[in-house]
Every structure is written in structure tokens, then in C-alpha cells.
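The values are calculated or read from the model by the stated rules, or taken from the named source; none is laboratory data. Keep in mind that what you see is a predicted model, and the values were worked out from it rather than measured. Every residue, glycine among them, receives a Cβ derived from its backbone with ideal geometry; neighbour counts consider all protein chains shown. For accessibility, only protein heavy atoms count, side chains too; no ligands or nucleic acids. Shrake-Rupley method; radii C 1.70, N 1.55, O 1.52, S 1.80 Å.
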Amino acid sequence: MDLQAYFERIGFHGVAKPDLATLRALHRAHLLAVPYENLDVQLGRPVSRDPARAYEKIVGQGRGGWCYEMNGVLGWALEEVGFRVTRMAGGVARALRGDDMVGNHLVLKVDLEDGAWIADVGFGDGALDPVPLQAAPVTSNGFEMRLEALPDGWWRLHNHPQGGAPSYDFRDEPADPARLEERCGWLQSAAESIFVQNAVAQRHRLGSLLQLRGRVLRQVSPDRVEERLLTSADEYVEVLARDFDLDLPEAAGLWPRIAARHAELFGEPA
């Protein structure tokens with residue numbers, strides 16, 4: 001990894017040390033600079049868990065990514081700085097759908113002298129800041145969340161009410177790479193996968209979140225949600241470039257599917 005190039009990509013200009021101040025700064029900088037997006041899945045391009053490929057995409061091409069890519073690059077960068085990082089298998093919606101969900105999310109644990117922290121820049125609309133690994137309420141960027149210790153040894157991160165997914169679970173142990181690999185492949189290929197069904201881009205801002213799900217663009221604050229419906233392929237490409245810094249003119253080709261999916265879900269004309 002060219003660590004300096006990563007720092008320039010996320011706009012980090014401080015002195016990086018393996019301490020809490022640096023962890024917080026890198027976590028925030030990454031989320032404020034790099035959008036969460038699944039557009040390669042929508043475009044039929046294979047997505048890899050390989051951090052080197054994710055680095056080339058996020059740093060080299062100026063793109064965003066989903067959890068395996070976003071946390072893959074952050075985890076690698078943190079290790080280059082000198083942090084102790086554990087990659088854990090998360091299960092988004094495990095509370096609703098059970099253990100089949102385990103591995104559909106990559107979560108990072110960072111061990112510091114004063115305790116362990118969860119670093120997660122790949123949840124899309126979760127915490128802007130790292131979260132201490134302890135059962136407690138969490139306030140990040142004005143949004144209220146909660147980390148819960150479950151009786152069966154799992155942890156559950158409850159997302160804020162305006163988030164897309166209500167929660168994800170994880171165990172404090174290294175992930176099985178084969179499980180992550182299997183889930184990564186399934187999520188980008190199975191017809192039942194929400195990532196195959198829906199085009200998503202999300203971005204953190206100070207005090208708010210920007211969410212583009214299909215045709216719906218939402219500006220989300222802790223006390224307010226504003227949304228509007230995009231009306232054309234040209235507008236879709238324009239919003240990706242202007243609001244998410246994603247220069248993807250080829251995304252115009254996704255518009256017929258996006259419009260059809262919206263009509264299927266909401267009963268409105270495509």
C-alpha cells in the first residue's frame with residue numbers, strides 16, 4: 001500500500017500513530033471522502049475481497065465500495081500505521097433471518113491499550129466514528145445507536161432509526177475467510193440478494209447522511225428526512241457525480257432496471 005496516497009484520497013493530513021486520536025481521524029476522514037456504493041455489482045463487474053484490488057478501486061480510480069472493500073482498505077491502512085486489527089464476520093439482519101446472514105458483512109476490531117474499538121466504514125449509514133466494544137448507547141454525528149451484548153456471546157449493533165438496515169451481529173473472534181468469500185460471491189450473484197436487486201450509493205456528511213437507493217435521493221439528519229424522486233438516467237448520472245463524486249457515465253445504462261424496480265416496489269410508473 002502507498003499509505004500516503006490513501007491519506008490523500010481521504011484528506012487526512014495529520015501524523016498517523018497507532019492511537020485513538022488517529023483511529024478516529026482516519027475513520028471520519030474515510031467516511032466523509034469515500035462513498036458506500038454497490039454499482040459494480042449492478043454493472044455486472046466482479047467484486048473482490050482482495051484489499052489490493054479494493055485499494056486500486058478506491059484510491060487509484062476514486063471510487064467507493066461496499067463493506068468488503070471499504071473495511072478491507074481501512075483495515076490494511078490501519079495495520080500499515082501500526083494498529084492491531086482483527087477482521088470479524090458480521091451478520092446484517094441476523095436478528096431477523098438467523099445465522100445464514102453471518103459473513104454478509106466485514107467488521108474490524110482495533111485493539112488499543114485502553115480497550116477494543118469497532119471500526120466500520122462499510123455499513124453505509126452507520127457510525128461516523130469508531131465505537132468502543134462495550135454495551136452502551138452510541139451517539140455519532142448526531143445519530144443515536146446502541147451496542148448490545150447478547151446472552152449467546154454475540155454482539156449486536158443497533159442502527160439509528162433512519163438507517164437502511166436495523167442492526168448487525170458479530171462475535172469477538174477472527175472471521176472464517178471461506179465464509180466471507182462465499183457470502184461475498186452470493187451477494188453479488190444471487191437473484192435474492194438486495195445488492196443485485198437494488199442500486200445503492202450512500203455518503204456521510206457532517207451532521208447528515210446522503211442516501212441514493214434506486215430512484216430515491218434522501219438527505220437524512222437526526223431530526224429530519226428530505227427526499228426526492230429522480231426522473232431520468234441523465235439526472236441519475238449527474239447526482240452520482242455531484243453528490244457522491246462518482247464519475248460513472250455508464251451508470252445511465254442501469255436506469256431502466258432502476259425504474260422498473262421502483263415500480264415493482266412502490267406501484268408507480270417506471
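Give the residues of the range 100-113 that are surrounded by 17 or more Cβ atoms within 10 Å (Cβ to Cβ) and of a type in the set (A, V, I, L, M), sorted by residue number. Across the range 100-113, the qualifying residues are Met101, Val102, Leu106, Val107, Leu108, Val110.
Rundown of residues vs (1) among the charged types (D, E, K, R); (2) open to solvent by less than 30 Å² (accessible area, probe 1.4 Å); (3) closer than 16 Å to Asp99 by Cα, yes/no style:
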{"site": "Gln134", "(1), (2), (3)": "no, no, no"}
{"site": "Thr139", "(1), (2), (3)": "no, no, no"}
{"site": "Glu144", "(1), (2), (3)": "yes, no, no"}
{"site": "Pro151", "(1), (2), (3)": "no, no, yes"}
{"site": "Leu157", "(1), (2), (3)": "no, yes, yes"}
{"site": "Arg171", "(1), (2), (3)": "yes, no, yes"}
{"site": "Asp176", "(1), (2), (3)": "yes, no, yes"}
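Pairing residues of the range 186-198 that are closer than 10 Å to Gln42 by Cα with residues that are open to solvent by less than 60 Å² (accessible area, probe 1.4 Å) and among the aromatic types (Phe, Trp, Tyr), at Cβ distances under 7 Å and at least 6 apart in sequence or on separate chains, gives Gln188/Phe195. Out of Ala190, Ala127, Ala165, Ala175, one residue alone is assigned to a loop (DSSP other than H, G, I, E, B) and modelled with pLDDT under 95. It is Ala165. Taking the options Ala93, Ala119, name whichever one is within 15 Å of the chain's Cα centre (by Cα) and farther than 14 Å from Tyr68 by Cα. Going through Ala93, Ala119 in turn, just one is within 15 Å of the chain's Cα centre (by Cα) and farther than 14 Å from Tyr68 by Cα: Ala93. For first residues located in the range 203-219 and at positive phi, partners that are assigned to a strand (DSSP E or B) and lie 6+ apart or on another chain with Cβ distances below 7 Å form the pairs Gly207/Ser221. In the range 190-224, of all residues being among the charged types (D, E, K, R) and open to solvent by less than 50 Å² (accessible area, probe 1.4 Å), the one that is farthest from Phe143 (Cα to Cα) corresponds to Arg215.
If the condition is being out of contact with any Lys or Arg (no Cβ under 7 Å at 6 or more places or on another chain) and in a loop (DSSP other than H, G, I, E, B), then the range 200-245 contributes Leu206, Gly207, Arg215, Pro222, Asp223, Thr231, Ser232, Asp245. Is the range 77-95 home to any residue that is over 21 Å from Leu180 (Cα atoms), in contact with a Leu (Cβ under 6 Å, 6 or more places away or on another chain) and in contact (Cβ under 8 Å) with a residue 40 or more places away in the chain? The answer is yes, given that some residue of the range 77-95 is over 21 Å from Leu180 (Cα atoms), in contact with a Leu (Cβ under 6 Å, 6 or more places away or on another chain) and in contact (Cβ under 8 Å) with a residue 40 or more places away in the chain.
How many of the residues making up the range 160-180 are closer than 27 Å to Gly207 by Cβ and touching a strand residue (DSSP E or B) at 6+ places or on another chain (Cβ under 6 Å)? Talk me through it step by step, then tell me what you get.
First pass over the range 160-180, keeping only residues closer than 27 Å to Gly207 by Cβ: 160-168.
Narrowing the set further to residues that are touching a strand residue (DSSP E or B) at 6+ places or on another chain (Cβ under 6 Å) leaves 160, 162, 165, 167-168.
Selection size over the range 160-180: 5.
Looking only at residues in the range 225-257 that are touching a strand residue (DSSP E or B) at 6+ places or on another chain (Cβ under 8 Å) and over 25 Å from Gln61 (Cα atoms), the one that is least open to solvent (accessible area, probe 1.4 Å) is Leu230.
Sort out which residues of the range 61-99 are small (Gly, Ala, Ser), surrounded by 13 or more Cβ atoms within 10 Å (Cβ to Cβ) and modelled with pLDDT of 95 or more, and write them in order of number.
Quick first cut of the range 61-99, residues small (Gly, Ala, Ser) only: 62, 64-65, 72, 75, 77, 82, 89-91, 93, 95, 98.
Add one more test, that the residue is surrounded by 13 or more Cβ atoms within 10 Å (Cβ to Cβ), and what stays is 62, 64-65, 72, 75, 77, 89-91, 93, 95.
Gly62, Gly64, Gly65, Gly72, Gly75, Ala77, Ala89, Gly90, Gly91, listed by residue number.
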